[in-house]
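Following: one structure in structure tokens, then a few remarks.
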Amino acid sequence: MNPLLQSNPLPLFSKIQPEHIEPAIRELIAGVKTAVEQVVGQADGFTWSTLVSPIEQAQERLSEAFSPVGHMKAVIDSPALRDAYNACLPLLSELGTWLGQHQALYQAYKALASSAEFDDLSTAQQKVIRDAVRDFELAGVGLQGTDRKRYGEIRARLSDLSSGFSDALLDASQAWSKHITDGAELAGIPETALGMMQGLAEAKGLEGYLVTLDAPVMMAVMSFAERRELRAEVHKAWSTRASDQGPNAGQFDNSERIDETLALRHEMAQLLGFDSYAELSLATKMANETDQVLGFLQDLADKAKPFAEQEVATLKAFARDQGQPELAAWDYGYYSERLKEQTFEIDQEALRPWFPLPKVLQGLFAVTGGLFDFTVSQVEPADLWHPEASFWQIQRAGQPVGYFYLDLYAREGKRGGAWMDVCRSRWQEGDTLHLPVAYLTCNFSRPVGQQPALLTHDEVVTLFHEFGHGLHHMMTAQDTLAVSGIAGVPWDAVELPSQFLENWCYASEGLALMSGHYETGQALPQAELDKLIAARSFQAGMQTLRQVEFALFDFQLHAHYDPINPTPFMQVLQGVRDRVAVVPAPDYGRFPCSFGHIFAGGYAAGYYSYKWAEVLSADAFSRFEEEGIMNPATGQAFRAAILERGGSEDPMTLFVEFRGREPQVDALLRHNGLAA
């Protein structure tokens, strides 16, 4: 039997083959359509149990089947898997359009919203119905004739473009490498990274080292390689991926995909009655208006820029003292790392032995378990997609509340970056409670020999960030699929728990739990803890401007698009840089061609969400600063107001419930050393 059609609480990764995928998805899509037609065809009035539940359950069966397919494509990509995945995208897009424009279904939800039963439903159920009516209208339910047909075509094409963008970026990233046999050319690069490069070479049957565009390798070169020529070469390969420039110019170019995506998004927004795609994006977010977002970002830039300019001046003076009179783009990471080492006497690579992955995980579970009242344990055996993956459960009072998969090492065929994704959601089916399951994925350097994987502090922060997303999904107390976990949470609020959890990586109480020398078990010395905490605000102005640059580029691209005479995307980027950037970018750079967040992810006209949620997370953490970093009562208040409630209520309402007031920017500026 097709493993994607079997009713299992967890995916059967070892049994899923490319040939299973499209037939299963077609059958499950047909099941969703049948459920809809049965529901809207009933003679009696609509209730929650006769309208919402059967449709949600049919959609969840489809989601549970496609989730492992998308995950496997991201972590063990192959041509056959990619083809099978891509064959399903137009089918799913067509279903989304069919559902969103189903007049009878729309009228059924409106009837339920205005019925006597609506007042007896829970707050969460009422929100599900109101959101559904809104989403019908945003999906073009009011469109007729050629407009309706065109909307469906746009959705399908945007799905293809997104997948194509992601595929081209992965292919471009893996197409470039540099084989080095003379170790002297890699002077300055830490042993951990050298070991990884040796492993990459061995996997290709080569002697020596292989420099690739895997993020840990790229970062090691840019931060530590003494040979300026090598840094310049890697920088050019990285910043021109999937573009018309660089070593593989034109071979995987995403430029035309970007142009077509922007045109189609704008056309879609106008079909739905919005002036721009940015306006359409904000219809489901915390922020209300485009000017509010642009003002928020410009205000942050104005506050950060004086600090950033001073940081650049300091860095240039330091580089001159080191014999480098002018800084190019490929010098900033290297000299910043040297300056950080000198200023704080801190060396990220030298600290790796104090952050072995097993100890970091132990600390992660101790911090979060103590705050939110749960325990974590590994589950074996488990059906996994790769030997390096693992499976874990979260329990409270001896009862499981959620599960998660970990896949933490970089490898060929795996998408770069770090992310949390939904495998299964929490929901109630009759007497059966389905528990949530998450995927947590990173790209760390793997163990070398008998030595465990050793993380930099930055990688520790990344792990905490993704686990924060995971907790938002797994700690939910909602039994209704549309608001369970991160479902129904506005995009500019979804980063709150993840960025919030990062704070413990800079708190001495948290650092003490997650660090210990991998050979001796010796705790990270207090002096080193103090340095890490002090270094948190190092170049915070430059880092803030970099994120604001990305966010402004994204938002202006979508807010000010002119369909008659579209401004080239590189020109939009240059305009933003002219206003906020303090670090030069070479003419060959084509950052947008690898900006997967907005062209192959969910952040289009929403990348500002990272900074928006950072304000929320810093202010939420400030309550812990007031009441105790490890205070379980405060932790359980956060769990009850934020983690357990998911998308069941307006996020501002939930934030005020936890904090006692609306968010303030002061804590973020203070944490980043940007307060006057």
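The values are calculated or read from the model by the stated rules, or taken from the named source; none is laboratory data. All of these numbers come straight from a predicted model, not from anything done at the bench. Cβ: placed from backbone, ideal geometry, glycine included. Neighbour counts: every protein chain shown.
So for region 54-63 (the condition being farther than 30 Å from Ala389 by Cβ and either buried (at least 20 other Cβ atoms within 10 Å of the Cβ) or not charged (D, E, K, R) (or both)), does at least one residue qualify? If you could, list the steps in order and put the result at the bottom.
Looking only at region 54-63, we keep the residues that are farther than 30 Å from Ala389 by Cβ, and these are 54-55.
Those still in the list that are either buried (at least 20 other Cβ atoms within 10 Å of the Cβ) or not charged (D, E, K, R) (or both) too: 54-55.
Yes, that holds for at least one residue.
Evaluate region 331-339: report whether one residue or more is among the basic types (Lys, Arg), more than 27 Å from the chain's Cα centre (by Cα) and part of a helix (DSSP H, G or I). Please lay out each step first, then the result.
Step one: list which residues in region 331-339 are among the basic types (Lys, Arg), which gives 338.
Still in the running and more than 27 Å from the chain's Cα centre (by Cα): 338.
Retained after the next criterion (residues that are part of a helix (DSSP H, G or I)): 338.
Within region 331-339, one or more residues are among the basic types (Lys, Arg), more than 27 Å from the chain's Cα centre (by Cα) and part of a helix (DSSP H, G or I).
Take Leu264 and decide whether it is in contact with a strand residue (DSSP E or B) (Cβ under 9 Å, 6 or more places away or on another chain) and surrounded by fewer than 20 Cβ atoms within 10 Å (Cβ to Cβ). Give the derivation first.
Values: in contact with a strand residue (DSSP E or B) (Cβ under 9 Å, 6 or more places away or on another chain): no; surrounded by fewer than 20 Cβ atoms within 10 Å (Cβ to Cβ): yes.
No: the conditions fail for Leu264.
Can you tell which of Leu280, Leu213 is over 25 Å from Arg590 (Cα atoms), surrounded by 19 or more Cβ atoms within 10 Å (Cβ to Cβ) and aliphatic (A, V, I, L, M)?
Working: Leu213 fails: over 25 Å from Arg590 (Cα atoms).
Going through Leu280, Leu213 in turn, the sole match is Leu280.
Give the number of residues within region 170-210 that are surrounded by 16 or more Cβ atoms within 10 Å (Cβ to Cβ) and among the basic types (Lys, Arg).
Adding up the residues that qualify gives 1.
Of a type in the set (Phe, Trp, Tyr), part of a helix (DSSP H, G or I) and farther than 30 Å from Val221 by Cβ: which single residue out of Phe307, Phe296, Phe318, Phe274 fits that description?
Working: Phe307 fails: farther than 30 Å from Val221 by Cβ; Phe318 fails: farther than 30 Å from Val221 by Cβ; Phe274 fails: part of a helix (DSSP H, G or I).
None of the others qualify; the one that does is Phe296.
Examine region 98-118 for a residue that is free of Cβ contacts under 8 Å to residues at least 24 places away in the same chain, outside the structural domain of Thr480 (by TED's automatic domain parsing), crowded, with 16+ Cβ neighbours inside 10 Å and of a type in the set (S, T, N, Q), and state whether such a residue exists.
Among the residues of region 98-118, not one is free of Cβ contacts under 8 Å to residues at least 24 places away in the same chain, outside the structural domain of Thr480 (by TED's automatic domain parsing), crowded, with 16+ Cβ neighbours inside 10 Å and of a type in the set (S, T, N, Q), which makes the answer no.
Can you tell me which of Ala283, Ala313 is farther than 23 Å from Tyr608 by Cβ, aliphatic (A, V, I, L, M) and out of contact with any strand residue (DSSP E or B) (no Cβ under 7 Å at 6 or more places or on another chain)? So that I can check it myself, show each step before the final result.
Working: Ala283 fails: farther than 23 Å from Tyr608 by Cβ.
From the options Ala283, Ala313, the qualifying one is Ala313.
Counting only residues that are over 26 Å from the mean Cα position of the chain (by Cα) and among the β-branched types (Val, Ile, Thr), which one in region 559-581 is nearest to Ala278 (Cα to Cα)?
Kept after step one, since they are over 26 Å from the mean Cα position of the chain (by Cα), are these residues of region 559-581: 562-568, 571, 575, 578-579.
Then drop every residue that is not among the β-branched types (Val, Ile, Thr), which leaves 564, 567.
Values: Ile564: 18, Thr567: 16 Å.
For region 559-581, the residue satisfying everything is Thr567.
Residues being touching a Lys or Arg at 6+ places or on another chain (Cβ under 9 Å) and assigned to a strand (DSSP E or B): count how many of those fall in region 434-461.
The qualifying residues number 6.
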